[in-house]
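Shown next, in structure tokens, is the structure this report addresses.
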Amino acid sequence: MAPSPLIPRRRTTLLVVHCSATGPDSDIGCQDITAWHLKRGWAAVGYHYVIRRDGTLEAGRPEGSIGAHVAGHNATSIGVCLVGGLDAAGQPACNYTEAQMASLRRVLGELHGRYPAARIVGHRDLSPDGNGDGVISPNEYLKACPCFDVGEWLAANPLG
Ligand SMILES: [Zn+2]
């Protein structure tokens, strides 16, 4: 079956931070993640950007195309993936390098400049509010991704 073609995105309301769910010593990048995603039958890597362990920013799916990174929100969002997020035992861990976090801050600043109305969130923040109390609590997370509190981090490290 031929993969479905890339489709232009009409609106951008969310900038979503992800992790690759790989260990701290796994020095992978966009090419590796692309290979995983092509195996799933996708037309391209699901994320628009990938940040390697050394902080290098790699372009993934074209920024103007609909991505494949978060159920229910792909049509209106851009996905940025930090490589890492698991500890040596395979458990969720906020183990990104300083260079990665600096790179994340830089790319989110640039994206926010281009899409000023977009809200910046972590993948887990888009889990459904299971008990309907208006708060997505940790026990409601569908995934731990990206394994840290993006809102808290942004409050402590505001974009320029
Ligand atoms: Zn994710």
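The values are calculated or read from the model by the stated rules, or taken from the named source; none is laboratory data. What you see is a predicted model, and the numbers here were worked out from it, not measured in a lab. Glycine also receives a Cβ, built like all others from the backbone with ideal geometry; neighbour counts cover every protein chain displayed. Side chains are part of the model used for accessible areas, which takes the heavy atoms of the whole protein and leaves out ligands, DNA and RNA. Shrake-Rupley method; radii C 1.70, N 1.55, O 1.52, S 1.80 Å.
What the table below lists for this structure:
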quantity: Residue within the stretch 70-78 that is away from the ligand (no atom under 14 Å from the Cβ), among the polar types (S, T, N, Q) and touching a residue at least 12 places away in the same chain (Cβ under 8 Å) present; calculated: yes
quantity: Contacts under 6 angstrom Cβ, first residue in the stretch 110-132 being among the hydrophobic types (A, V, I, L, M, F, W, C), partner open to solvent by 30 Å² or more (accessible area, probe 1.4 Å) and within 14 Å of the ligand (Cβ to nearest atom), 6 or more apart; calculated: 126/73
quantity: Index of the failed condition, residue 10 passing every other in (1) within 16 Å of the ligand (Cβ to nearest atom); (2) not in a strand (DSSP E or B); calculated: (1)
quantity: The listed residue being on the phi > 0 side of the Ramachandran plot and in contact with a strand residue (DSSP E or B) (Cβ under 7 Å, 6 or more places away or on another chain), out of 85, 90, 67; calculated: 85
quantity: Single residue of the stretch 145-160 satisfying the filter (away from the ligand (no atom under 14 Å from the Cβ) and in a helix (DSSP H, G or I)) that is most open to solvent (accessible area, probe 1.4 Å); calculated: 152
quantity: Identity of the residue in the stretch 27-46, in a loop (DSSP other than H, G, I, E, B) and within 16 Å of the ligand (Cβ to nearest atom), that ends up surrounded by the most Cβ atoms within 10 Å (Cβ to Cβ); calculated: 45
